[in-house]
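Here is the structure we will look at, set down as structure tokens.
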Amino acid sequence: EAQVTQNPRYLITVTGKKLTVTCSQNMNHEYMSWYRQDPGLGLRQIYYSMNVEVTDKGDVPEGYKVSRKEKRNFPLILESPSPNQTSLYFCASSPKLFGEGDYGYTFGSGTRLTVV
Amino acid sequence: AQSVTQLGSHVSVSEGALVLLRCNYSSSVPPYLFWYVQYPNQGLQLLLKYTSAATLVKGINGFEAEFKKSETSFHLTKPSAHMSDAAEYFCAVIENTNAGKSTFGDGTTLTVKP
């Protein structure tokens, strides 16, 4: 089944303890992206990647890191989590972003992170 | 810089009534526009997208949207609401000058009353 898999689904951690949220897609998509969703704020893009070893900042990159060493994986790293990073996180992938044809982001099921 | 405004954070309709969810965008170049739906405790699912091939776009589940450049709008409609349409809907824009950057609206929660 074509999908984007995020792990874990739920995570409670303490301030300052490094964590990684994994994201993997099995569709050979070029583009991958991380978003955070907060009530009333919609989805805000954290980082995106246009291909292996090509990443760039979205609108809210502070406090996050990413890497794209393989096409299928795009982990989100929080080196020193803080309570303001408590949020619902989504990973998404797409074969391309515009033009004609079949495209558009496929989203994972989300990771609910609580930092205490 | 691109931006998206969804008018109305909550919309309530009766079952069988017209659904209209509003989205206005701002973009310095021709945009690519999307509508996504999010059901409770799930990720987002693509409803439809505007690609410049046609101004009226049909999507899944009976939804459609019309791109109006003069009004910078991309409103989502469905002629007859069903209980299963209750969800949160997001409008999104991508500019082809910065292909990775995507901007989502704040979302509109649709409630369908029996």
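Peptide B:100-109 shows a mean partner chain C-beta count of 6 within 10 Å per residue C-beta. The lysine pair count for chain A, using Cα distances under 16 Å and pairs eight or more places apart or on different chains, is 4. The lysine pair tally for chain B, using Cα distances under 24 Å and a gap of 8 or more places or different chains, is 13. Taking amide hydrogens as placed 1.01 Å from N in the peptide plane, the amide H of B:Leu48 sits under 5 Å from those of B:Trp35, each at least 5 positions away in sequence or on another chain. If we count every other residue with Cβ under 9 angstrom of A:Asn51's Cβ, Lys/Arg +1 and Asp/Glu -1, where does the sum land? That sum, taken over residues with Cβ under 9 Å, equals 0. Ranked by the mean number of other Cβ atoms within 10 Å per residue, highest first, peptides A:58-65, A:90-97, B:21-28 order as A:90-97, B:21-28, A:58-65.
Over all other residues within a Cβ to Cβ distance under 15 Å of A:Pro8, the charged ones net out to +4, with Lys and Arg as +1 and Asp and Glu as -1. Averaged over the residues of peptide B:41-49, the number of Cβ atoms from other protein chains lying within 10 Å of each residue's Cβ is 6. For the protein assembly as shown, dividing the convex hull volume of the Cα atoms by the residue count gives 120 Å³ per residue.
Neighbour counts of other Cβ atoms within 10 Å put B:Met83, A:Met27, A:Met50 in the fewest-to-most order B:Met83, A:Met27, A:Met50.
Label sites at B:Thr109 and A:Glu1, each approximated as a point 7 angstrom past Cα along Cα to Cβ, lie 2.8 nm apart.
Dipole magnitude for segment A:1-77: about 280 debye, using +1 per Lys or Arg Cβ and -1 per Asp or Glu Cβ, origin at the Cα centre. Between the alpha-carbon centers of segment B:58-114 and segment A:72-116, tell me the distance in whole angstrom. About 20 Å separates the Cα centre of segment B:58-114 from the one of segment A:72-116.
All of the numbers you see were taken from the coordinates with simple rules; none came from a lab. What you are looking at is a predicted structure, and each value in this text was computed from that prediction instead of being measured. Methodologically, a virtual Cβ is constructed for each residue, glycine included, from the backbone with ideal geometry; neighbour enumeration extends over all protein chains shown.
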